[in-house]
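Just below is one structure, and these are the notes that go with it.
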Amino acid sequence: MTPVNDAALDTLFREAHTCSAWQDKPIDNALLHELYELVRLGPTSLNCCPARFVFVRSAEAKERLKGCLSEGNVAKTMAAPVTVIVAQDLEFYEALPRLFPQIDARPWFAGKPAFAETTALRNSSLQGAYLIVVARALGLDTGPMSGFDGAKVDAAFFAGSTWKSNFLVNLGYGEPGKTHPRNPRLSFDEAARIA
Ligand SMILES: Cc1cc2nc3c(=O)[nH]c(=O)nc-3n(C[C@H](O)[C@H](O)[C@H](O)COP(=O)(O)O)c2cc1C
């Protein structure tokens, strides 16, 4: 594979910041589809693809989400053109015969809710991270959030279904110059080891 160039690394990582202040500029549905078409290519165990995505954009759905948010996340979420609920389908294994036909892996998870949930959480979190990086690659800014009441989101959006919320991501075009300065990151020696 050809490594991406320096400008791409700037867009994806060095210049990209978590965003809280949004321009009044919409995201059209075609871009959300383009985003998903790339996100879905990211790897998951057994290709199980447990993440489910709700693109919350209507005033009615935004209002429903509002009541589920921590206070500090309300204003920026209401101002963002789209908020993604990154969820996981706890019965993701029903699609395994289609997604990974080489092995009959459905029985590994069916009737084993703890293992199914661990697998769903691990892989939907990865897929949510892919969403952040793909969004940046498509010129969007993102604001991921765990400050919300998961039980309330599940009741408001997923009642009667097997979907369960994982985390939220605001999407839009950030106000230039309004991001926080970068906080320090751990050095290689603090966070990594070559064994
Ligand atoms: C899973 C996740 C949950 C987060 N939850 C919140 C949140 O509830 N509210 C908030 O203001 N920021 C939240 N953040 C933003 C982080 O604080 C931010 O991404 C981090 O400090 C890095 O900032 P930077 O991208 O500007 O370097 C969250 C980030 C992630 C990845």
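None of the figures in this text is laboratory data; all of them are computed from the coordinates on show. Source: prediction; values computed, not measured. Glycine also receives a Cβ, built like all others from the backbone with ideal geometry; neighbour counts cover every protein chain displayed.
Do you know the relative contact order of the range 6-175, to the nearest whole percent, from alpha carbon pairs under 8 angstrom that are 6+ apart?
36
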Q) Can you list residues whose amide H is under 5 Å from Asn170's amide H, if they're 5+ apart or on another chain and H is modeled 1.01 Å from N? A) Val84, Gly143, Met145
Q. With +1 on each Lys and Arg Cβ and -1 on each Asp and Glu Cβ, how big is the dipole of the chain about its Cα centre, in debye rounded to the nearest 20?
A. 200
Q.
Viscosity 1.002 mPa s, temperature 20 °C: give me the Stokes-Einstein translational D for the chain in µm²/s, with Rh taken as the Kirkwood radius over C-alpha pairs.
A. 118
Q: Step through the residues of the range 104-117 one at a time and calculate ³J(HN,Hα) from phi using the Karplus curve (6.51 cos²θ - 1.76 cosθ + 1.60, θ = phi - 60°), rounding each to whole Hz and writing x for Gly and Pro.
A: 8, 8, 3, x, 5, 10, 4, x, 10, x, 5, 5, 4, 5
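Count the DSSP beta bridges whose two residues both fall in the range 6-175, then state the antiparallel fraction as a percent rounded to the nearest 5.
95
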Q: Fewest Cβ neighbours within 10 Å first, please rank Met1, Met145 accordingly.
A: Met1, Met145
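Could you sort the peptides 81-89, 146-154 by per-residue average Cβ neighbour count (10 Å cutoff), highest mean leading?
In decreasing order of mean packing, 81-89, 146-154 become 81-89, 146-154.
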Q) Quick one: how many lysine pairs in the range 6-175 have C-alpha atoms under 28 angstrom apart, if they're 8 or more apart or on different chains? A) 14
Q) Just from its helices, what would the mean residue ellipticity at 222 nm be for the chain, if runs of 4 or more DSSP H residues each count -39500 (n - 2.57) and the sum is divided by every residue, rounded to the nearest 500 deg cm²/dmol? A) -11000 deg cm²/dmol
